[in-house]
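Below is one structure; the comments refer to it alone.
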Amino acid sequence: MKITQILLRLRYSSLGRLVLALLGTVVAICVVLLVSAQSDTYIANAGAMTIAILGLSLLTGWSGQVSIGNSGFMAVGAFTTGIWANHHQSSPIIISLLLSILTGAIAGLLVGIPATRLKGPYLAGMTLAFVTAMVPFIQSLGKLTGGSGGLFFANLSSPSWFANLSGDPQNFIVANYRWAATVSVVITGVAYYFMSNLFASRAGRAMRLVRDNDVAAELMGVNLGRVRVGAFVISAAYAGLAGSLVALLSGVARADNFGLALSIEILSLLVLGGIGTLSGALMAGLLAAYASTLIAKLNALFGLNPYSNLGSNSQGIIFGLLLVVTMLTAPQGMAGLLKKISHLRARKEAE
Amino acid sequence: MLRRTHRGVAIIAASALSLSLAGIGALSSSASATGTDGVTNTSITIGATVPLSGIASTGYSDVAKTANAVFKYINAKGGVNGRKVNFIIKDDCYDIQALGCAQPQTSGSLTVAQTNALINTSGGLFATVGSLGTATQDAVRSLLNSDHIPQLFVNSGSTDWNDPSHYSGLFGWQTDYIAEGKILANYIKSKLAGKKLGFIGQDDDFGANGLLGLQRGGLSIPNMGGTNSFAYPATDAVFNLSFPTTLATLKANAVKIVVLDAVPPAVTLILKDAAKIGYYPQWVISGVGSDPQTVNYANLSKTNPGEMNAVSMTFFPYSTDTTNAWNKWIAKVILADKADFPKFTSKSILSGNMQYGAGWAVTFLQLLKAMGSNVTRANAVSTLEHSAVSNAFATPAVLPLQYSPTNHQGLGGGLLVKIVSNTNTTQIDGKVYSTNDAANGAITQKAFVNAAVPSWLN
Amino acid sequence: MGAFFTSRIVSDILIGAAQGVLVGLIALSLVLIWQSTHVLNFAQGAMAMFAAFCGMTMLEHGLNYWVCVLISLVAAMLLGGVTERVLVRPLYGKAEINSIVVMVGFLGILESGASSIWSGMARQLTSPLSQTYFTLGSKTLYLSPFSLFQIGSALTLMLGVAALFRFTKIGLQLRASALAPEVSRLLGVRVSRMLTLGWIISSAVGAFAAIIIATSGSGLFPSNMDGFFVFGFIAAAIGGLESPGGAILAGLLIGIIQTFVADYLSPSWVAFTPVLILVLSQLVRPAGIFTKNTTRRL
Amino acid sequence: MQISNLTVRYGAIEAIRDVTFTAMPSRITAVLGANGAGKTTLLRTISGLVQPASGSIVIEGVELIGRATDDIARLGVGHVPEGRGVIAEFTVEENLRLGAMAFDIDLAAGLDEQYQQFPVLGERRKQYASTLSGGERQMLAMARALIAQPRLLLLDEPSLGLAPLVAAELMTTIRELCATKNLSVLLVEQNAKGALRIADDAVVLSVGRVVANGSAAEVASDDQLRQYYLGLVQ
C-alpha cells in the first residue's frame, strides 16, 4: 500500500486522526519557519478563519442551518479576550482562549434556543438581525468595550527561546510574526482534530440525518431541538475561539470588524472551500488570507493603477464573480472539485 | 505513468498549499545596503494606511493621494539628496469593514493587517507616514513601537500621538482637538457671548477631546449626554438615525450656537437635517469636518439660500485663495498627477484634504532634507525633536511646527475662517491663534504670514 | 388643533412614517421576489443603488430630476429582468444556500462595480421639492413638500402593486406562477415570463426607494442601501415573507418605533431596535405576524 | 394523437419503453395498468413536463416533443393532474379565470357554461378552493381545463379518493362531455372497471410497455389481461 493511501485511511480511527492532526501541525510549523514574515501573517489569519469556517461548516453543512450571524459570536470571543487581556496582562493566552470558547458557547445557547425553532429564511433573518444588533450593542457598552474605538492590548510577541530557535535572533520583528503564526497553527490543529472526531461520531451522524430528512430523524428517535441547538452552541464556541485568536493576533478588539460583512465572508468562503467538508475549510482559510495579495498581483498584471477607482475595487468585483461562478458551476467548492479530479484519475487508472 | 498521477485528496491539497506559499513572497526584512530597513542610496520606502474606500473615504481619500502626488513630483526632479520617495498606500477602510469597504474582509482589524503588510514590504519599511484616523492608529501604536518603526505624522487631532516617554517614534502633525476647542471657545466667548450653546460630537476621542477643549477654553457645556450636548455613533454618518431628533431638541431649547465635532459626511447630514426643520443656528465646526470641497453647503441659509453661516478653524491658507503661493504650488503638483487626479483642471479649487496631504508630505521632505546623508530611524526622531531644525521647516501650514523632545504633537493652532459657500471661504480676522492643551495655557495671536515655498520644491 | 399636530408624539410619528415607508418599500420588493421565486435576494439593496446611479448621475449633465428617475426605473427593470434570467434561473430547485451565496456575490460585484464606475464619493441629489418642514405658527409640523411626496408616492406604489396583483390578468398569472408553477404551466400560463416579470416589478420598487433615500438622506453612494436593506429584510420577516401588506405595515412600524426610541430613550439604541422587534415577533408568531397560520407540509 | 416509439428514462430506469399507440379523435382512450406502470409519466411527457429519451408525439400533425409545457397547453391539450392541482389560495372563480387566461375565448360565456355544467361551482364561485370537498375540487379542476376548450383532455386518476357514487357520476359526466364537445380524452385510471365502462378504446401498460391495445370491449373481455394486469376478478 502506498503512503498516501495509508495516510488517508488513518482518518477512520480516533488514534489515526490524532496522528494526522499532529503530522499536519508539524508540517505547517515547518512551513511557518520557512516562508517570509508576511506569509506568516497570512498563515496566522488563515488559522483564525479556518476555525470560524469549521464552526459554520458544522452548523450549515452538517445540521443544515444557514447562519449569517457567526461573526457576532466571533465578536463575543474577541471582546472576552480583550477585556480579560486589559485586566490580567500577564495571564497565559490559553486562559483567554478557553474563556472565549465558553462565552461564545453561552452566546450560542442564548441565540440558538429561539433561533433553531425557525427554518430557512426566517433562521437566516434571525442570525442577520443578531449580527447587525451585536455591533451597536457592543459599542453602546462604553468603557467596558471601548465604544466605537474598541479595546487595545499587547499583541502576541515571541518569547526569547523561540526567537533563538527560529533562526535570526537579532530580527525580533520576524520572530514575532513566526511566533504568532505558530500559535495560530497549533490552535487550528487542535480545533481541526476535535472537529474531525465530531464528524465521525454519533452526534455528527445525527446532525447530517437531521439535515437530510428531519422527519425521518425524528422517527428514529433523534431529538431535533437538542441536535439543532447543540450544533448552534458548538458552532458559536468555534466562532468564539476564532474571534479570540483574531484579537490576540492583532492586539485590537473593535466591534466594526465583526459586522455583517465578516459573516457574509465566512459563509462565502465556506462555499468556495466546499460546504460540510473539513479539507474545504482549510483551503478556504488559506484563500481568505491570500486573497488580497493574489488580487494585487492580478492588478499589476493588467497594469491597473491600484489607487484608481477600478484598481481599488477590483478585489470586490473578482471576489463576487468567484462566488457567483463557483455556485453556478461547481457548487461543491474546491473540495468537491478535488474529489472529482481524484475520482476521475482513479477511474482512469482502473481502466 | 498512470499510477504516478494518482494522488489522494489530502496530498493534492497539501501540494496546492505549498505551491501557493512558495509562489508568494520571498524572504523579506533583510537589512539593506545602508543598514536601515527601507533605505538605499537612491530610495526610501514609507507607507500609510488610509481609507481609500468605505465609510470615511469621502474626501479623506484625497489626503494620501495628494501626498503621493507631491512625492511623485519631487521624485521626477531627482528626489531629495538623491533619494526618491517610495510611498506605499494601503486601504484600511477606516477599519470599519462595512459593505462599502472595497477590501476583502479577512479577519480582525484591517488596519493591523495592512500595517503588517507595510512592515513586511520587501526591502523593509523606514516608517509609516501620514496614516489616518484616531482609533485606527491607536490599534497599531504598540505594534509599530515594539518593532521600533517610527509612526510619523498621524492624520488625527487626538492627543494620543504626544506620548514620547512610551512611544518614542510616534508623531502627530495637526493641531490637536483640545487646542482647537480652546481656540474656538475663545472666539465664541469674545464674538458670540451670551448666546445659548449646543454640542454634537462623534462618540470617541474626536468628540471627547474637542469637548474637553471647549470646556478648558472656559465654556460651560455639559459632557455628551447632558443638556444640549449630544454624542452620535460613527456609523450615523451613513444611517442618519440620531440627528433629526437631536436637532429638534436643540431647536426647541432655543440653542443659538452649535459646535460640531463630526466627520464631513456627518456634517453634511446635520446641516441638511437642520435646514429641514428651519433651524439656522451659528455653526462652529471642527477643521477636520468643515472642508468646503467635501461638505455640501448648498441652500442651507434662511436669509440667503446661497450663503452659509459657519465658523471653522484651518491650519492652511483658506483654500479658495488662488493667489497664495503654497496653494498655487499644490495645484501645480496635483495638475501634474493625471493618474490619480484625472478630473483636476487649472480652474479646480483645492480642497482642505489636498492641502492637508501636501502639508505633511512637505514636512516629510523637509525632514529627509535635514537628515542629509544620515538617514536612519534614530536620526529621524532626533531631527524632529531638535526644535531649532524642525520648527523652521517651511510647510503650507500657517504656523510653524512645535516639535521638541517633550512635544510630539506638531501644530498648535490655526486660522479662523468663515464659510460662506462651497466656493467662498474668508478669513475672519487674518490672525493665527496658537495655544497648548492646558486649561490655563494662554492663547496667543499674531498676523498670518505664510512661509515662502522653498526653491528646491519648485 | 395646531398644538396637537406639532406635539412631540405626532412629530415623532411623522418623522418615523417618512422613514418607515422607505423601509416598507424595500420590504415589499423583497417579498415580491420571495413570493415569485423563493429567493432571498441579498443583492436587492445593491441592485436598487446601481439602478439609481444609472439614472441619477444624469442630473450632473443637466437632465430634469423626473427624467433621471424614469431612466433609473427603466435601468432597474432591465437589471432585474437580466438578473433573473442569467443568475437566478439556474438556481431554481437548488438548496437555499446556493441562492444566498450567489446573491451575496452579486452584491459584491454591484457595490464594487459602482465604486469603480462612479467612485465611492457620496453624491448629493438636488431635491425637486423643498425639504423644509412646514410651520404652524412658531412650531414645526414635521411634513415637507418632499416628505409628503415621499409618503404619498410610496403608498400609491404599494396600492398600485396590490391592485395589480388582485385585479389584473397579469396579477392573477403572477400569483398563480408563484403558488403553483407546474399547474400554471399546464394551463398555458407562461410561467418563466411571469417570474422574470416579478423580478422586474420588484427591482423598480426597490430603485424608487433608493432614489428617495438618496435624495432625502445622506446622498447616493455605493453602500447607501446596506442599512436600509437590513431594516427592510427585518420588516419583511416580521410581516411574514408571503405578505406584501404585512411587509409595508412592519416597515412603517419599524420607522416609527425607531424614532420614538431615538427621541425618548437613546439614539445609540436605534440600530438594534428593529432586531428586538423581530425577536419578539418571531417568538410570538414564527411565520410572521401578518400571515395566516399554515401547517407544515411534508 | 399518434404516439410512436416513445421511451422515457429517469436516470438508469426506463419508465416508458418504446410505447406506440394512437388515440382517435372524439373518443375516450383509457390508459390502464398497475401502480408504477408508467401511466402518469406518459401524461406528463405529452404535456412536456418530462422530456423523453426518444420517440414522437404528434397531434393533428404537430410534433409536441421539444415544446414547452405552456406552448403545448395553448395547442389545445388540457391536463388535469393527479391530485387535481387546484390552487387552494384562489377562489373558485379565480381558478376558472386562470384556466381561461392564456386563450382567446369569451370569459363570461365560458364561466356561464362551466357553472351550468357544474352548478355546485356556481354556488361557490366566491369561496376559496381550500374550502371545497374532494369531489368539488375534482369538478373545479375539470371545469378549469374545459373552459379553455381543449381538443385533447388528459385526465390523471380523476376518481382517486372519491366516494364510489361520486366517482361514477364523474365518469358519466366525462362520457357526456366527450360526446357533446367533440373532445378526445386520454383517461388514466387505476380503477379499470369504471374506466372500461365509459372508454371507447383502451391501452394497457405494464412496467413501461404496451401489453394490450384495442377497443375497450376487447380489453374488458380478455380474461388474461383482466387477471394479470388489471387485477379484476370476475
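The values are calculated or read from the model by the stated rules, or taken from the named source; none is laboratory data. What you see is a predicted model, and the numbers here were worked out from it, not measured in a lab. Note: ideal-geometry Cβ built from the backbone for every residue, glycine included; neighbour counts use all protein chains shown. Just the protein is used for accessible areas: all its heavy atoms, side chains included, with ligands, DNA and RNA removed. Shrake-Rupley method; radii C 1.70, N 1.55, O 1.52, S 1.80 Å.
Details
- 3J(HN,Hα) along segment B:215-224: 5, 5, x, x, 8, 9, 10, x, 5, 4 Hz, from the Karplus curve 6.51 cos²θ - 1.76 cosθ + 1.60 with θ = phi - 60°, whole Hz, x for Gly and Pro.
- Amide H contacts under 5 Å for D:H79, placed H, 5+ residues apart: D:L154
- The calculated 222 nm mean residue ellipticity attributable to helices in the protein assembly as shown amounts to -17000 deg cm²/dmol, summing -39500 (n - 2.57) over DSSP H runs of n ≥ 4 and dividing by all residues.
- Exposure rule at most 11 other beta-carbon atoms within 10 Å, DSSP loop trypsin sites (Lys or Arg not before Pro): chain C longest free segment: C:1-291
- Residue with peak Gaussian network fluctuation, chain A [Cα springs, cutoff 10 Å], from A:L128, A:L272, A:L198: A:L198
- When you filter the chymotrypsin sites (Phe, Trp or Tyr not before Pro) in segment A:257-351 for DSSP loop state and at most 11 other Cβ atoms inside 10 Å of their Cβ, you are left with A:F302.
- 3J(HN,Hα) couplings calculated from phi for segment B:42-52 with the Karplus curve 6.51 cos²θ - 1.76 cosθ + 1.60 (θ = phi - 60°) are, in sequence order, 10, 8, 9, 9, 10, x, 8, 9, 9, x, 7 Hz; Gly and Pro show x.
- FRET efficiency for C:T126 and B:T322, using Cβ-Cβ distance with R0 set to 22 Å, rounded to 0.05: 0.25
- Here A:K340 is the anchor, and the aspartates and glutamates within straight C-alpha reach of less than 17 Å, apart from those fewer than 8 places off in the same chain, are A:E349, A:E351.
- DSSP-assigned coil residues among trypsin sites (Lys or Arg not before Pro) in segment B:307-339, each with at most 14 further Cβ atoms within 10 Å: B:K338
- Bridge orientation summary for the protein assembly as shown: considering DSSP beta bridges with both residues in this region, about 45 percent are antiparallel.
- Cα gyration tensor shape of segment B:308-440, rounded if a/c is under 1.5, else prolate or oblate by comparing a/b with b/c: oblate
- Area hidden from solvent between B and C (accessible, protein heavy atoms only, 1.4 Å, total, Å²): 2100
- When a 1.4 Å probe is rolled over the protein heavy atoms, the share of accessible surface on segment B:177-314 that falls to carbon and sulfur comes to 50 percent.
- Euclidean distance of C-alpha centroids, segment D:173-234 and segment A:7-27, integer Å: 65
- Tilt relative to chain B, helix B:352-371 - C-alpha long axis, 0 to 90 degrees, to 10: 50
- Average accessible surface area per residue within the protein assembly as shown, 1.4 Å rolling probe, Å²: 38
- Relative to the longest principal axis of the Cα atoms of chain B, the long axis of helix B:57-76 makes an angle of roughly 60 degrees.
- Of B:K332/B:K418; B:K195/B:K328; B:K84/B:K418; B:K182/B:K272; B:K77/B:K343; B:K251/B:K446, those spanning more than 29 Å from alpha-carbon to alpha-carbon: B:K195/B:K328; B:K84/B:K418; B:K251/B:K446
- Classification of the protein assembly as shown by its C-alpha gyration tensor yields a prolate form. The axis ratio a/c (a ≥ b ≥ c) is 1.5 or more, and a/b outweighs b/c.
- Cα gyration tensor category, rounded, prolate or oblate, for chain A with a/c compared to 1.5: rounded
- Loop chymotrypsin sites (Phe, Trp or Tyr not before Pro), segment B:35-90 (other Cβ atoms within 10 Å of the site Cβ: 13 or fewer; DSSP): none
- Against chain D, whose longest principal axis is taken from its Cα atoms, helix D:107-117 shows a tilt of about 70°.
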